[in-house]
């Protein structure tokens with residue numbers, strides 16, 4: 001996969017927040033992580049690690065089929081149908097695009 005070009009972004013903060021940020025060992029990583037958590041959220045099962053202990057993964061895998069879900073045709077995440085019922089009513093399951101991917105400025 002090709003690396004994306006990085007862009008510098010700046011924004012204004014009050015003096016107190018600037019002091020806090022200046023005392024962080026890596027403020028860029030902190031800000032990136034905070035923004036990504038706000039946009040995407042952190043998995044409550046893995047706490048953002050991306051992996052689970054086998055005991056928890058097996059338990060979760062056994063229970064997920066109990067929930068009806070639909071896959072986004074863009075990002076391929078599975079969404080519980082109860083959360084996206086309005087979009088499903090409008091498009092049907094074959095053409096489902098999640099709210100994140102349907103946003104006009106969306107990027108992966």
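Derivation of every value follows stated rules applied to the coordinates shown; laboratory data play no part. Quantities reported herein were computed from a predicted structural model and do not represent experimental measurements. Ideal geometry is used to build each Cβ from the backbone, glycine not excepted, and the neighbour counts take in all protein chains shown.
Things to note:
- Of all residues assigned to the stretch 3-16, none qualifies as being part of a loop (DSSP other than H, G, I, E, B), more than 27 Å from residue 79 (Cα to Cα) and touching a helix residue (DSSP H, G or I) at 6+ places or on another chain (Cβ under 6 Å).
- Filtered residue count, the stretch 23-63, keeping only those that are outside any loop (DSSP other than H, G, I, E, B) and either under 21 Å from residue 6 (Cβ atoms) or in contact with a strand residue (DSSP E or B) (Cβ under 9 Å, 6 or more places away or on another chain) (or both): 14
- Number of the exception - residue 72 against (1) over 22 Å from residue 98 (Cα atoms); (2) in contact with a helix residue (DSSP H, G or I) (Cβ under 7 Å, 6 or more places away or on another chain): (1)
- Meets criteria (touching a strand residue (DSSP E or B) at 6+ places or on another chain (Cβ under 8 Å), farther than 27 Å from residue 11 by Cβ and outside any helix (DSSP H, G or I)) for residue 70: yes
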